[in-house]
Amino acid sequence: MYQDIYYVPKRTGTYSDVLMAYGLVALLDHIFRQVKDPTERWRIVLEDGGGHYLVRLSEPVREEWIRNLRLLRNPAPRLTRGGEAEPDDGPTRNVDATRDQVRFWSEQRRTLTEQGVRGTELEQQLRDLEPPGDWAVVVFLGNSNMQASGIYNRIVSQWTRVREHVSEHIETFLSLFAETNIDSDTILEEWARRARREDINPKETASQLLNPHQGKGLNEPKANALRMDNIKDRPWPEEFLKTIGLWYCLAPRQTCLAPRQTMDTNDWKAYVLTPLRLSWQAHREAFERFNRYLWRERSNQTTLKTDITSVLLFVRSWLDYVEAAWRDEEEFDVQAVPEKVVAGFHVAQFKLLSRNAYTMVNLSFLSLPTWSGDLRTRADVVVLQEIIDEHLEVVRGIDEGRSDGFDLLRHYRDFVSGGNWNAFFDFMTGYSHDILRRLNEGARFVPTFTTSRLRRLMMTNRKDLTPIVENTGFQNVAYAIRHATIVPQTRKANNQDNLYEVRYGLGAELKRKGTVRDEFVAALTDFIQSYNQENVQKLESRGQQMRRDVRTTDIAEVVRLIDEYGSEVVANLLIAYGYAREPREE
């Protein structure tokens with residue numbers, strides 16, 4: 001048990017295993033802080049080992065460290081309410097005080113933001129009012145309808161008796177994860193006999209928050225009866241590790257059915273970060289940044305938008321951490337690519353199906369987008385940060401209260417988490433209509449993707465499509481689509497001089513015709529003919545031309561691409577690039 005690597009089994013395939021792994025890491029770090037000199041450094045790495053999570057230490061745990069532990073403080077905080085007395089064996093989090101602090105900070109932020117405080121002393125005052133980094137977990141656990149705080153506190157409060165003989169109990173924790181094929185049942189049975197002698201309850205109720213695969217329900221080992229009972233067979237050591245771990249990898253967020261819905265009817269979604277290989281220090285810093293991003297995200301989002309923004313904001317947080325580390329140190333040994341350190345998020349959705357209790361209704365997994373490529377320099381990281389910011393801006397502007405907005409977000413989530421480029425092209429076809437609709441309804445600006453950053457994504461993820469988007473003829477036809485749709489509509493929305501007619505529905509028409517080669521070529525050439533004809537007419541009547549003509553060589557190049565790659569592929573890319581904006585430098 002005294003070693004430098006421990007094995008946490010993946011028994012359930014849910015985030016319950018992840019909570020236990022993070023709990024063991026946090027407990028080991030807690031022990032290191034007790035036995036090490038403050039000037040010493042140590043390293044803990046959490047790694048996905050297939051059937052187990054591996055916890056690697058920079059040096060083995062020593063027997064004398066464990067034997068000399070005395071009255072170790074509780075590594076998991078207890079939840080209190082109102083004026084309840086605080087225990088002296090560990091930290092606490094007051095649910096009511098935290099909720100009041102969050103509400104006050106939100107009100108002040110809203111008021112000061114309207115006054116424009118950026119760069120002033122008021123901005124620093126607002127930062128000083130920020131609630132603690134774990135406030136969302138406190139509010140989530142403390143929500144009475146979650147019915148989790150009672151079980152949580154009961155698990156955590158047993159530490160008061162455990163700490164009297166803490167060395168023996170810590171040895172049990174270490175023994176449970178010492179080998180890949182450990183006989184955990186025998187270890188837990190032996191520990192349970194000792195626990196009963198010390199008036200420690202060896203079994204706990206299976207909370208659906210800590211054990212999403214179990215919990216209250218219709219459970220019978222043999223189908224000879226049907227009873228609605230709690231499952232009370234969870235070993236306390238394992239449940240205690242989960243209560244520690246949730247403070248370090250759980251990001252709860254509230255969602256709503258519609259964006260204008262009141263917060264009183266919101267569901268909860270629990271996002272649990274799932275590691276591939278990352279150090280404990282790097283995780284702590286990046287996850288803290290992630291939580292801060294979530295604070296500032298609009299709260300009344302639907303479940304689709306919270307899924308998307310959670311994934312993108314964590315990628316942004318990791319890139320911030322990497323960029324800051326590279327800025328401070330030239331030699332930086334942490335993996336820069338986010339999808340190589342974190343697999344994604346286990347997600348559980350809790351819905352208020354009755355007046356008094358949330359019920360876990362769905363388990364899913366969101367993968368991180370594989371957009372990074374090879375991040376060799378700080379400049380590469382900055383470019384990817386800009387791409388993430390651009391996608392966040394587009395997603396935030398979509399009104400998910402509309403049926404077409406809901407469909408857009410559904411397609412985009414399939415793209416960002418599943419790497420489904422066909423879903424992205426479906427998104428771009430729908431978004432082409434959304435852009436023109438919003439501009440026509442009075443919006444002066446609608447966020448869109450830029451051609452240069454779309455090209456960067458293509459070069460990273462779909463190198464097979466790079467020859468298409470780098471072709472001059474393709475770029476000129478996409479330019480024509482852009483200057484027949486979003487450019488004149490934007491000029492019209494901003495009361496600027498506009499010579500040309502807006503071609504509504506062009507993206508949808510090209511998408512529809514793209515499945516048949518000849519029909520697509522006919523539709524595309526009809527558009528180009530009318531586009532060039534309008535240029536000539538405006539030049540003759542007004543003596544002005546504000547956009548380039550499409551040449552016959554451009555058409556020939558696009559037809560060649562259609563014959564080589566297929567009409568549907570070229571149609572999708574023309575829509576994506578045609579409804580993207582050109583960077584200012586172009």
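The values are calculated or read from the model by the stated rules, or taken from the named source; none is laboratory data. Every value quoted in this text rests on a predicted model; they were computed, and no experiment measured them. Neighbour counts are summed over all protein chains in view; Cβ atoms, including those assigned to glycine, are modelled from backbone coordinates with ideal geometry. Each accessible area value is taken on the protein alone, full model and side chains, heavy atoms only, with ligands, DNA and RNA left out. Shrake-Rupley method; radii C 1.70, N 1.55, O 1.52, S 1.80 Å.
A few comments on the model shown:
- Residue count for region 367-391 under the criterion of being open to solvent by less than 50 Å² (accessible area, probe 1.4 Å), in contact (Cβ under 8 Å) with a residue 60 or more places away in the chain and at negative phi: the result is 9.
- Cβ pairs under 9 Å, 6+ apart, first in region 396-411 and closer than 18 Å to PHE445 by Cα and in contact (Cβ under 8 Å) with a residue 40 or more places away in the chain, second of a type in the set (Asp, Glu) and surrounded by 17 or more Cβ atoms within 10 Å (Cβ to Cβ): GLY397/ASP434; ILE398/ASP434; ASP399/ASP434
- Comparison of ARG103, ARG81, ARG163, ARG99 shows that the only residue that is of a type in the set (Lys, Arg) and within 20 Å of LEU250 (Cα to Cα) is ARG99.
- Test result for VAL516, surrounded by 13 or more Cβ atoms within 10 Å (Cβ to Cβ) and in contact with a Ser or Thr (Cβ under 9 Å, 6 or more places away or on another chain): yes
- Of the residues contained in region 502-511, none is found to be farther than 22 Å from ILE435 by Cα, open to solvent by 30 Å² or more (accessible area, probe 1.4 Å) and without any contact (Cβ under 8 Å) to a residue 60 or more places away in the chain.
- Just one of the listed residues (ILE5, ILE31) is open to solvent by 10 Å² or more (accessible area, probe 1.4 Å) and among the aliphatic types (A, V, I, L, M), and it is ILE5.
- Residues satisfying the stated conditions in region 445-461, i.e. open to solvent by 20 Å² or more (accessible area, probe 1.4 Å) and either in a helix (DSSP H, G or I) or modelled with pLDDT under 90 (or both): SER452, ARG453, ARG455, ARG456, MET459, THR460, ASN461
- For ASN495, the criteria (1) modelled with pLDDT of 95 or more; (2) outside any helix (DSSP H, G or I) hold in every case but one, which is (1).
- Test result for PRO132, open to solvent by 40 Å² or more (accessible area, probe 1.4 Å) and closer than 30 Å to LEU24 by Cα: yes
- Restricting attention to region 116-168, the residues being within 30 Å of the chain's Cα centre (by Cα) and in a loop (DSSP other than H, G, I, E, B) number 13.
- Residue check: ILE468 meets all listed conditions (1) open to solvent by less than 20 Å² (accessible area, probe 1.4 Å); (2) at pLDDT below 90; (3) part of a helix (DSSP H, G or I) but one, namely (2).
Yes/no per residue for (1) outside any helix (DSSP H, G or I); (2) surrounded by 14 or more Cβ atoms within 10 Å (Cβ to Cβ); (3) at pLDDT 90 or above:
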residue: GLU220; (1), (2), (3): yes, no, no
residue: PHE240; (1), (2), (3): no, yes, yes
residue: ILE244; (1), (2), (3): no, yes, yes
residue: TYR248; (1), (2), (3): no, yes, yes
residue: ALA251; (1), (2), (3): yes, yes, yes
residue: ARG260; (1), (2), (3): yes, no, no
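- Hey, GLN147 farther than 23 Å from ALA206 by Cα, at pLDDT below 90 and polar (S, T, N, Q) or not: no
- If you check ASP526, ASP554, ASP549 for being out of contact with any strand residue (DSSP E or B) (no Cβ under 7 Å at 6 or more places or on another chain), open to solvent by 30 Å² or more (accessible area, probe 1.4 Å) and in a helix (DSSP H, G or I), only one passes: ASP526.
One line per residue, one yes/no per condition, for (1) surrounded by fewer than 16 Cβ atoms within 10 Å (Cβ to Cβ); (2) at pLDDT below 90:
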| position | (1), (2) |
| --- | --- |
| ASP320 | no, no |
| PRO338 | no, no |
| GLN349 | no, no |
| LEU352 | no, yes |
| LEU363 | yes, no |
| GLU393 | yes, no |
| GLY401 | yes, yes |
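- Answer from THR274, THR303 - the residue that is under 17 Å from SER417 (Cα atoms) and modelled with pLDDT of 95 or more: THR274
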